[in-house]
Amino acid sequence: MIPQWLIAATNSGCGKTTFTIGLLRALRRRGLSVQPFKCGPDYIDARYHTRAAGLASVNLDTWMASPDHIQYIYGKYGGSADACVAEGVMGLFDGFDKTRGSSSEVARTLGLPVVLVVNARSTAYSVAALIHGFAYFDPRVEVAGVVFNMVASTSHAAYLREACADVGVPCLGCLPRLAELEVPSRHLGLTLDTNFQLEQWIDRVADTVEQHVDLDHLLSVCRRPTPPAGQAPPLMRPIGRVAVADDEAFAFVYRENIARLEQAAEVVRFSPMRDERLPEADLVYLPGGYPEFHLDALTANTPMRDAIRHYAERGGRILAECGGMMYLCRAVTGMDGVRREMVGILAQDATMEGMRLRLGYRRFELGGTDWRGHEFHYSSVVPSPDAPPSVAQQYNAKGGTVDTPVYRHANVLASYTHLYWGESDIATLFG
């Protein structure tokens, strides 16, 4: 038996990420090995988790992975931990199709109790009706307790605790209204080391959680049997050596994707920003990230740009996702309007001008496999008659077509879609 639970909320903006980060650090201070998880495809929250807990956070996404695989990776990473904490996505029952893909679906799949975060600003006893609805809407989902956020005073907290008592759901804590504890801008999520004192912020949030949340009660009420290891997917075919771009510009990776590569290949890491030589490799993986914040460094490293271009020209295999795809373009125009040269494998430009968020689940068929992933970016590709054609039609989670291309140039495969291959064989993309 170990403490394990899923932190959900009534809706986005309730403070579940802030609470999760503070809670992870508070439990770590107690000497617990806490394995964090993140529901959905989000990379940034997972990176916060990793910093707070000291263990790499793992994504649990029921669109990109089967229920059996979700159970496998949860048991794989959580089986040896002292506690497991999963952060939900959006509201508890919000999915891409009703509850499909929601936090509640993850909770049902894994049998996790839910700790519900409620924004109590400008309300009091009325939260009783709200909590009652969430607690009893789906009998397959257990709401083990409530944590209130944005609590104005001790008298306000008293009303909230009475509401919980009358509904029969434990109140586990009341966090005060503290603006300085809010998570910074999402688009700054990977630049916090220079723009924000991340460690000091995490510690302040943890201090607040320790002061206002009954951690002993939380650990007690959420004890469940240790998760089983589950059935591992079939092994991938051997690849040889995989070079993974890993620096401030390219950091959007799913933990299980890398673990899957490590089963089939020797994985080496390199920095397109700083290294001048590309490691010897049978496959180069350029994941997404925030290259738009590091365009000067990427452009200045001419030896690396040349090395990657020559590798592709010799028939080398490259998988590039989102920011990695931008890096392979002829140039990227930054948020400052300046056009900077990139690798030049793809005969097109990318631009941050006219920034518009585009996101959603994506699916396409290639190499006899159904590939799933997620698209999230502010940049766009400038149409070019010289650009390689798309080799696959992409679809959203409900089966509607989307116009996001999947580019192929020789043995280079590139797209805005971040793929998940935890139970697939990535080598089949290249024949």
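The values are calculated or read from the model by the stated rules, or taken from the named source; none is laboratory data. From a predicted model like this one, the values you see are computed outputs, not experimental measurements. All Cβ positions, even for glycine, are placed from backbone atoms using ideal geometry, and neighbour counts span all protein chains on display. We work out accessible area using only protein heavy atoms, side chains counted, and drop any ligands, DNA or RNA first. Shrake-Rupley method; radii C 1.70, N 1.55, O 1.52, S 1.80 Å.
Note on H294: accessible area is roughly 40 Å² with a 1.4 Å probe, heavy atoms of protein only. Residues within the reach of a label modelled at R314 (point 7 angstrom out along Cα to beta-carbon, backbone nitrogen below 17 Å), restricted to the range 271-285, are 276-285.
Ligands, DNA and RNA excluded, the heavy atoms of W201 present near 0 Å² of accessible surface to a 1.4 Å solvent probe. A cut-off of 5 Å between modelled amide H atoms, ignoring neighbours fewer than 5 places along the same chain, links F37 with V58, V85, A86, E87. Going by a ≥ b ≥ c, the root eigenvalues of the Cα gyration tensor, does the range 83-127 fall in the rounded group (a/c under 1.5), the prolate group (a/b larger than b/c) or the oblate group? It comes out oblate by the Cα gyration axes. Length gained on full extension, L359 to D296, computed as 0.36 nm times the residue gap minus the Cα-Cα distance: 20.0 nm.
Sorted by accessible area with a 1.4 angstrom probe, largest first, how do K16, K398, K98, K76 fall?
So the residues, ranked largest to smallest area, are K98, K398, K76, K16.
Here the peptides 356-363, 170-177 are ranked by packing, the mean other Cβ count within 10 Å, and the order with the highest first is 170-177, 356-363.
Prolate is the label for the chain. Its Cα gyration tensor axes, ordered a ≥ b ≥ c, give a/c of at least 1.5 and a/b above b/c. Averaging the Cα positions of each part gives two centres, and for the range 203-246 and the range 40-54 these lie 10 Å apart. For the chain, the mean residue ellipticity at 222 nm estimated from helices alone is -8500 deg cm²/dmol, where every DSSP H run of n ≥ 4 contributes -39500 (n - 2.57) and the total is divided by all residues, rounded to the nearest 500. Each peptide in 2-13, 23-34 gets a packing score, the mean of other Cβ atoms within 10 Å over its residues, and the list from highest to lowest is 2-13, 23-34.
Hydrophobic, long helices, defined as DSSP H runs whose alpha-carbon span along the helix axis is 24 Å or greater and whose mean Kyte-Doolittle value is at least 0.5, do not occur in the chain. Residues whose amide H lies under 5 Å from that of V412, counting only those 5 or more places away or on a different chain, are I318; hydrogens are built 1.01 Å from N in the peptide plane. The alpha carbon gyration tensor of the range 202-288 gives principal lengths a ≥ b ≥ c with a/c of 1.5 or higher and a/b no greater than b/c, which makes the shape oblate. The accessible-area ordering, largest first, of the residues T18, T417 stands as T18, T417, per a 1.4 angstrom probe. Projected label points at Q263 and E162, each 7 Å from Cα along the beta carbon direction, are separated by 5.5 nanometres.
Multiplying the residue separation of D282 and D216 by 0.36 nm and removing their Cα-Cα distance gives an extension gain of 18.7 nm.
This model, with +1 at the C-beta of Lys and Arg and -1 at the C-beta of Asp and Glu, gives the chain a dipole about its Cα centre of some 420 debye.
Taking amide H as placed 1.01 Å from N in the peptide plane, V151 has its amide H under 5 Å from the amide H of L175, R177, each at least 5 places away in sequence or on another chain.
Exposure check, 1.4 Å probe, all protein chains in place: R372 carries approximately 70 Å² of accessible surface. Cβ screening of the chain for cysteine pairs under 4.7 Å finds these without a partner: C14, C39, C84, C174, C222, C322, C329. Other residues within the sphere of radius under 11 Å centred on the Cβ of R25, judged by their own Cβ, net out at +1 (K and R +1, D and E -1). What the Cα convex hull of the range 261-313 gives, in volume per residue, is 85 Å³.
Relative to one another, the C-alpha centroids of the range 288-318 and the range 365-392 are positioned 19 Å apart. Using a simple spin-label model with pseudo-atoms 7 Å out from Cα toward Cβ, S80 and D336 lie 4.6 nm apart.
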